[in-house]
Structures are given as C-alpha cells and as structure tokens.
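Let me begin by handing over the structure; questions about it come next.
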Ligand SMILES: Nc1ncnc2c1ncn2[C@@H]1O[C@H](COP(=O)(O)OP(=O)(O)OP(=O)(O)O)[C@@H](O)[C@H]1O
Ligand SMILES: [Mg+2]
C-alpha cells in the first residue's frame, strides 16, 4: 500500500531524512517511532503530498506522490500533528465542509457520518462548536475528518500527544477499531501505544530507519533477556536465610549471566534483575541454584527486552548536530516543489517550502562529480 524508497529530505544544509525506505502492506497497523526531531512528521508529510522529498520516491496505493498527488490524496486520510481546525465551526458543519472539499455528495456524506459518529465516538458533540471541545474530542473530530472519504490508508501523526491518559486510551481504542479494515501508519514516540495498537514498528533515528519489523522481532533486536528474581530474605528451606550479597554473588556466577542488578524491594525479599543473552533461558539454572542453597524463590520472571529499551539503545544521541552537512557552496541546488501543489499546506508547511533549497539526490551528484 505504501512503498517509500530512498527518501531524503534536506532543509537547507540540514538532512532531516536520509535514504529512508520502507513498505507498508495492506491491512497493517504500523507504529512509526522516533524521538523528537527524528523525521517522523517530515516522512508523514511526504507520504501525504504536503511536502516534496529532496530525492527518493513514494508510491501510495500504486500512485506516485509526486506525479499523481490527487489520486494519492483520495486514498489517504491524514491527521497532521497539531492539526488546525476552524474553532468557530460546529462539529457537523466542519465535517460537512471537509466532505464538500473532497467532493462527497450529501447522500454519501450522511451515510459515512453514521459510521464516523460511531467509530470516533462523536455522538454527543455533533452540535457543539469545535472551540468548545476538549483536546481529546478535537482529536476525535480530526480522526473523523480523516475518515470522511472512507480511505483505505490512514496516516496519523502523533494523534495522542498532549492528551491525558484516559483520553489517550480512548483515542487508541478508536484507532484499533479503525485499523481493523484499513492500513494505518501511527507516528508516535509513545511506546506503550505502539505495543498496544500495532503489530509492526518502524523506528527512525537521525532521519534513518534503524529498525523495521514485527514488534517482537524489534524487541528482540536488543539482544538481551531479562530475568527478575525475588528470594525470601526471612526464611530458608535449610539453614539461615541468605543476605542480599549472597544472592547477588550466586546469581552472578550462573553461566550466561551478563550482569546482576539489585531491585528496590520491601523487607521480605531480595530482588535482582539478571541480564542474559538473547535466546538464552537461565530459569532452570536459577531455580536449581535456589534449591541447592535451600533458598525460597518467591518469584521469577523472564522478559524479552522491553520495546522501550530497544528504542533507547537504537536512538541514543539523536542530535541535530549529527545531521548538519558541511555543504560546499556549489552543492546547493535549485528550488523545488514544482510538481506538488501547496494548496492545502499549513503555515509550517509554507515555512518548510521556503526553507527548502535542494532537490537533487546527493548520490546522483556524487556520481556526476565522479563522471566529471
Ligand atoms: N521547515 C523546516 N525547516 C527546517 N528544519 C525543519 C523544518 N521542519 C522540520 N525541520 C527539522 O527536521 C527535523 C525533523 O523534523 P520532524 O518534524 O520531521 O521530526 P519529528 O520526528 O516529527 O519530531 P517530533 O516528535 O518533535 O514531532 C527536526 O530537526 C526539525 O527541526
Ligand atoms: Mg512530528
């Protein structure tokens, strides 16, 4: 449904995206993860024809975003980050306006609205002005406008940022419902949301894809398995109960243990986290150790690494300075955007096009230089 190949986006000398490639297949709900400034919104804007790439290409539903932007926009519903809405419009009035812009007739609109009111939970606010709505409800209206033309693909750029935990959970529930019969890209830096709503994750850092795969595969990328072990500090099967140092030393001796760290616990037990290599299973060894020593094992859990740990390790040091190119003056290229209309662009988008200076592919130039 979406095929991005070698997307590079430069804002002047700053490389916001660096040869980003990925595919999204029909029916997938994909989490597009990355820290602030990683290039998530830039990618979303390119996919939705709001911004042109400096180089690379994107096909959406078989259409090229550069050559056939109108066909692409028909297939996509887009909720931008911090979407602007007309506060003085009523909710129903606003959705009718969006439908008009999309060329949807009244009968189809009424039919669509029945579904949208239900899947976005808008029943109680249809008559209200948008400015009266809580942030959570505004996001639901945003989802509604993205769905008005029943698009097969939905692109949601941080739809839950700034929402309180209850609103977040609600919006995620709606997204899960909507994602049942659509292809969805959910851009976010909230890892819990991705674990809940998505089967697949793409992680970008410094404008590059650093992980792409099923959530479990991405989690396993960390290469570590974590064991949580709690041992009774008051009682033992034989002899006296162990001290914390006893348990720590014995766990550290287990073959395959990479590190052992004490956990904060109450005064009933000693708690430790033990790290082992991916694919290892040390539970048997831990159990045997406790039996041999006569210790009472109160709890043991084996977790593959959390998505959060993988995210942290893959996106560490995602700093702006890393992406500043020292471009030679003759490397600056001509202005672009000829092929993409800017008619729907938000203020930030216009700023973005003003800031853009380059068009050609750096690699292409490199090869031209070589030819010369
Ligand atoms: N119009 C612009 N002109 C110059 N630089 C820009 C422009 N838009 C974005 N950038 C820069 O490009 C980088 C990627 O920005 P982008 O908005 O895509 O990141 P993001 O992953 O969406 O971050 P966030 O989580 O904060 O929304 C950032 O460093 C940003 O400052
Ligand atoms: Mg963003």
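Round to the nearest 0.05 the FRET efficiency obtained for residue 100 and residue 176 when R0 = 25 Å and r is the Cβ-Cβ distance.
Approximately 0.25, to the nearest 0.05.
May I pose another question? Would any residue of the range 186-201 have its amide N under 17 Å from a label point 7 Å out along Cα→Cβ of residue 214? List them or say none.
Answer for this model: 195-201.
Based only on other Cβ atoms within 10 Å, what is the fewest-to-most ordering of 50, 86, 11?
Ranking 50, 86, 11 by Cβ neighbours within 10 Å, fewest first, gives 86, 11, 50.
I'd like the antiparallel share, as a percent to the nearest 5, of DSSP beta bridges with both residues in the range 2-220.
55
Counting other beta carbons within 10 Å of each residue's own, what order do 114, 10 fall into, fewest first? Show your work: numbers first, answer last.
Working: 114 9, 10 25.
Exposure proxy ranking, most exposed first: 114, 10.
Could you pull the Cα extents of the range 2-220 along its three principal axes, largest to smallest, in whole Å?
For the range 2-220, the Cα extents along the three principal axes come out at 45, 38, 32 Å.
Shifting gears a bit: If I model a spin label as a point 7 Å beyond the Cα along the Cα-Cβ vector, how far apart are those points for residue 268 and residue 26 in nm?
5.4
Sticking with this structure for a sec: Listing 21, 243 from the residue with the fewest other Cβ atoms within 10 Å to the one with the most, what is the order?
243, 21
Using 7 Å Cα-to-Cβ label points, what is the residue 303/residue 5 separation (nm, one decimal)?
4.1
Here's a follow-up. At a Förster distance of 35 Å, what's the computed FRET efficiency of residue 64 paired with residue 14, Cβ-Cβ distance as r, to 0.05?
0.85
Ratio of alpha-carbon Rg to the 2.2 N^0.38 Å globular estimate for the range 211-289, to two decimals, please.
Against the empirical 2.2 N^0.38 Å value, I get 1.27 for the range 211-289.
Okay, next question. What is the calculated FRET efficiency for residue 228 to residue 110, with r their C-beta to C-beta distance and R₀ = 56 Å, to the nearest 0.05?
Efficiency for this residue pair is about 0.55.
FYI, it's all coordinate maths here, none of it is from the lab. Treat the numbers as computed from the prediction; the structure is a model and nothing was measured. With ideal geometry, Cβ positions are generated from the backbone for all residues, glycine too; neighbour counts draw on all protein chains shown.
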